[in-house]
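Visitor: Can you keep this structure in mind? I'll have questions shortly.
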């Protein structure tokens, strides 16, 4: 892209800052985007809950000890003495279906959080890419408005010179002056859009992004994916991390139902206890004794007020809701994948069409300006030809941005968005000469 297409602010910034590109901002966002950090925290939380559920099925070892000072008074005497008691207890679950099924539920939830974390990273990458190209589009708009304003002012001077020589009517300079006023207002609005769009990037990377951005070079080598649409849809259904997360959510809901039903089942545990004590009944001093006890504890639930059955009903409702969420997301994945593929196909054709339209608009503008000098065209025709040229240039830039974002979105929904894809898009970006 020629230097003349850059806004003045970017040309000034070039003297003080290096250009940044999509890949550099992606790396910053991974360590700063709150959505990614939150998802990573949820992964740690899920792993901790899974380990907690496993711990309830492992041996539980507890030690207790006490030392006391006692005084005993009766009708004949008063006795003061010290007492000690120490015990060690080992409890091991032998059969507890509720604890086992709870562990299965939390294992599924832990895997769900891992896939949600992967999806959060992908979503952040897509979001940043979209915001990056939004900034480029806003800067293009500002640059083109300024160039159109410059060209219109130049034509205004020419028309005023012709008017002084009575070679044009009075309406011609008035019409051009009105267009200048409109473009000056458009310039202010375009500058505001640039500032706002840059704030959107700053929100993700956690710092003020003022460096100039690399832009798509001249004639980038865009091409369609080698695989057909059906491949991408099938890949999305198999690999999309958000879809995988919802599948594990359904599995967790099924495990929760089994956990709730286990509330009706018996529990069996082994208890081993060793105790040494010289404290007897009511704190009386006795000879030291060592006691060793092994026991099997069996608990058979008989009636809990209906809470166990109610928990089953609630868990079944949660499963139904999770299944509907999964189905809704599955349909969305299919729709978005197909839409992205269609967008890529149409986008490549649109790039070619807008490039031809720009070439035609440039030739038309030159011809109109030449015809105006001979009185064949009026000032309005010249203004329209300039506006058409810049509109065609804007359409070309936007079609390129849309193609790149559609390609990344296709990889996002297919579950295959990787650093390689980001780097490929980044390779199309260059620092303006």
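None of the figures in this text is laboratory data; all of them are computed from the coordinates on show. In this text the structure is predicted, and so the values were computed from the model without any measurement. Cβ coordinates were reconstructed from backbone atoms using ideal geometry, including for glycine residues, and neighbour counts include every protein chain displayed.
Visitor: Let me check I have the definition right: for segment 346-433, take the eigenvalues of the Cα gyration tensor, multiply each by 5, take square roots. What are those semi-axes in whole Å, largest first?
Guide: That gives 39, 12, 8 Å for the three semi-axes.
Visitor: Which of 206, 343, 83 moves most in a GNM of the chain, Cα contacts under 10 Å?
Guide: Its mean-square fluctuation being the largest, the pick is 83.
Visitor: Which shape class applies to the chain: rounded if a/c is under 1.5, otherwise prolate when a/b exceeds b/c and oblate if not, where a ≥ b ≥ c are the square roots of the Cα gyration tensor eigenvalues?
Guide: prolate
Visitor: Percent relative contact order of segment 17-85, based on C-alpha pairs within less than 8 angstrom and at least six residues apart?
Guide: Dividing the mean separation by the residue count of segment 17-85 yields 18 percent.
Visitor: While we're here: Have a look at 217, 306, 415 and tell me which one the Gaussian network model of the chain (Cα, springs below 10 Å) gives the largest fluctuation.
Guide: Ranking 217, 306, 415 by mean-square fluctuation puts 306 first.
Visitor: With an 8 Å cut-off on Cα pairs and a minimum separation of 6 or more residues, tell me the relative contact order of the chain in percent.
Guide: Once divided by the residue count of the chain, the mean separation gives 25 percent.
Visitor: Here is a further query. Which residue, 59, 241, 34, tops the fluctuation ranking in a GNM of the chain built on C-alpha contacts under 10 Å?
Guide: Comparing 59, 241, 34 in the GNM, the peak value goes to 59.
Visitor: As an exercise, take the mean of 1/r over every pair of distinct alpha carbons in segment 241-334, invert it, and state the Kirkwood radius in angstroms.
Guide: By the Kirkwood definition, the hydrodynamic radius is 17.7 Å.
Visitor: Roughly what angle does helix 379-414 make with the longest principal axis of the chain, taking Cα atoms, 0 to 90 degrees, to the nearest 10?
Guide: Roughly 20 degrees, rounded to the nearest 10.
Visitor: Over segment 26-170, what is the relative contact order in percent, taking alpha-carbon pairs closer than 8 angstrom and at least six residues apart?
Guide: About 28 percent, as a whole number.
Visitor: Calculate for the chain the 222 nm mean residue ellipticity that helices alone would give, adding -39,500 (n - 2.57) per DSSP H run of length 4 or more and normalising by residue count, nearest 500 deg cm²/dmol.
Guide: -23500 deg cm²/dmol
Visitor: In degrees, nearest 10, range 0 to 90: what is the angle between the Cα axis of helix 97-164 and the longest Cα principal axis of the chain?
Guide: Once rounded, one gets 20 degrees.
Visitor: So, one more: Among 268-276, 250-258, what's the highest-first ranking by average C-beta atoms within 10 angstrom per residue?
Guide: Per-residue Cβ counts within 10 Å, averaged per peptide and sorted highest first, yield 250-258, 268-276.
Visitor: While we're here: Sorting 418, 364 on the 10 Å Cβ count, fewest up front, what's the list?
Guide: 418, 364
Visitor: Using only Cα atoms, find the angle between the long axis of helix 171-205 and the longest principal axis of the chain, and express it within 0 to 90 degrees, rounded to the nearest 10.
Guide: Approximately 20 degrees, to the nearest 10.
Visitor: Is the shape of segment 45-179 best called rounded, prolate or oblate, per the rule: a/c under 1.5 gives rounded, else a/b larger than b/c gives prolate, else oblate, with a ≥ b ≥ c the square roots of the Cα gyration tensor eigenvalues?
Guide: Prolate.
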